[in-house]
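The values are calculated or read from the model by the stated rules, or taken from the named source; none is laboratory data. These numbers come from a predicted model, not from an experiment. Here the Cβ positions follow ideal geometry from the backbone for every residue, glycine too, while neighbour counts run over all protein chains shown.
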């Protein structure tokens with residue numbers, strides 16, 4: 001089975017051996033955890049035995065081996081198909097097939113597993129603080145380490161997805177999930193910080209790659225609601241699963257058992273790899289033309305191949321660099337960056353500080369927490385409404401509307417000291433705040449995945465995902481240094497970038513609803529003065545204008561999507577679609 005599990009990579013057997021080594025390494029740590037049962041699974045201060053040392057060595061060896069096995073087998077080999085143009089012909093009316101539904105189901109499972117990791121933090125911190133005997137300020141380093149890891153993982157995995165492919169990047173996250181399960185057996189807090197950073201990196205890396213893969217695979221018409229619902233179900237499911245398992249496991253096995261869940265969940269994701277499609281670009285790169293066509297046939301598309309002229313091959317790098325430096329690209333990236341940073345400050349700052357602030361102002365702390373829970377329940381149907389609006393109304397303005405609702409909630413918090421009659425119930429503003437925040441995170445990553453061209457889609461979506469966590473790092477630093485501002489002050493300061501993000505998205509954002517992704521996978525970059533343009537490339541290019549995408553009646557019926565598979569220039573042989 002291993003021989004066909006990852007055909008076209010350096011070695012499927014190498015990847016399998018790496019997975020086995022990591023699994024054995026984790027099981028050696030689980031053995032130590034089981035031995036601590038007589039001590040109520042308290043392992044703080046335990047000496048590191050031979051089994052833990054051997055387990056760590058196996059994990060390091062396994063990660064390096066598995067990573068090497070995921071590399072493309074023919075990257076350094078000259079192949080006749082390296083300089084070809086791959087046309088993916090699809091229609092707007094392509095219906096969701098069984099392959100689409102299975103991929104969506106696997107991505108929901110992947111996002112549930114992905115969300116479980118950071119969601120678990122809130123459930124383990126009290127037990128961790130008690131066992132290690134550390135202060136509140138010290139234990140705050142734990143979520144900070146995780147957030148730093150998610151930022152790094154989002155950016156690094158986005159780049160890896162563009163170079164080595166979506167499928168390989170997801171598998172790399174999965175095997176890293178497995179390895180970080182040993183966090184549940186670390187005797188020292190410092191080791192937990194390191195493992196938590198790695199956990200954050202794997203979780204942060206999964207998110208943008210999953211959205212890029214779905215955006216490239218789902219047909220145009222259902223793409224909007226599918227992206228938002230898959231993301232929403234994965235996020236909500238992750239929190240529910242983490243909460244449920246915490247109630248089941250912690251009373252008998254303590255907080256450490258929550259981290260050990262990384263072993264079975266990571267292995268499950270690896271076993272579901274068969275439902276994740278290999279990129280037709282990667283398959284053509286390997287010379288497996290018939291397999292590329294068969295893969296896309298399962299998703300209702302047709303693969304066409306045309307050799308590139310020498311002048312076309314030479315032009316492509318300069319055209320790619322030109323679009324990355326264009327003002328349109330910079331503007332939409334700036335708008336999404338500000339939106340992501342603002343959301344991170346809100347979600348990991350204001351919303352976490354709010355119950356304590358309300359308690360300090362005379363609200364019963366239990367009642368304050370209940371208000372937050374009630375507003376969360378009210379906001380949950382907003383995910384369905386966001387999916388409908390994103391798919392049926394407007395992708396750009398759905399995101400703008402979510403930002404605007406967030407702004408309304410922040411402005412309401414400014415009235416917390418001087419309430420207006422009829423608007424003195426904090427539940428109103430908390431609900432607006434949470435509906436807006438949920439709407440933003442449900443749409444910003446799907447929107448980013450639909451906005452950028454293929455060769456930077458992974459890294460651009462990863463950047464935006466990283467910014468949503470970078471704002472959280474700033475918020476955690478306020479708490480770490482005991483400088484948490486009054487909630488009205490925080491709301492006033494945060495309202496400024498929120499206003500800017502809404503305006504910039506409305507002006508610089510691009511409408512992607514009903515837009516075939518192939519429309520932005522070829523672009524006409526601004527060429528240096530006097531540069532020559534071949535007739536062949538001029539005939540096949542399409543205008544790439546972020547915010548000004550137009551489609552003709554002919555293109556709405558069927559769209560050919562030329563994507564170049566160039567081994568030495570376009571260093572991302574995968575387009576998992």
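Odds and ends about this structure:
- Annotation: of all residues in the range 41-62 being surrounded by 11 or more Cβ atoms within 10 Å (Cβ to Cβ) and in a loop (DSSP other than H, G, I, E, B), the one that is modelled with the highest pLDDT is 42.
- Flag for residue 371 being modelled with pLDDT of 65 or more, surrounded by fewer than 23 Cβ atoms within 10 Å (Cβ to Cβ), part of a helix (DSSP H, G or I) and in contact with a helix residue (DSSP H, G or I) (Cβ under 7 Å, 6 or more places away or on another chain): no
- Screening the candidates 68, 29 for the property of being closer than 14 Å to residue 183 by Cα, surrounded by 14 or more Cβ atoms within 10 Å (Cβ to Cβ), modelled with pLDDT of 85 or more and not assigned by TED's automatic domain parsing to the domain that holds residue 188 yields one hit, 29.
- Flag for residue 205 being at pLDDT below 85 and within 17 Å of residue 43 (Cα to Cα): no
- Failed condition for residue 121, given (1) under 20 Å from the mean Cα position of the chain (by Cα); (2) crowded, with 20+ Cβ neighbours inside 10 Å; (3) over 24 Å from residue 227 (Cα atoms): (2)
- Of all residues making up the range 163-186, the number that are closer than 17 Å to residue 214 by Cα and not in a helix (DSSP H, G or I): 1
- Condition check for residue 524: assigned to a helix (DSSP H, G or I) and at pLDDT below 50: no
- Candidates 99, 105 - the one that is in the same structural domain as residue 266 (by TED's automatic domain parsing), more than 26 Å from residue 289 (Cα to Cα), at pLDDT 75 or above and in contact with a helix residue (DSSP H, G or I) (Cβ under 9 Å, 6 or more places away or on another chain): 105
- For the condition farther than 25 Å from residue 339 by Cβ and either in a loop (DSSP other than H, G, I, E, B) or modelled with pLDDT of 90 or more (or both), residue 502 does not qualify.
- Considering the range 460-484, and only residues there that are outside any helix (DSSP H, G or I) and either in contact (Cβ under 8 Å) with a residue 60 or more places away in the chain or touching a helix residue (DSSP H, G or I) at 6+ places or on another chain (Cβ under 7 Å) (or both), the residue that is nearest to residue 335 (Cα to Cα) turns out to be 484.
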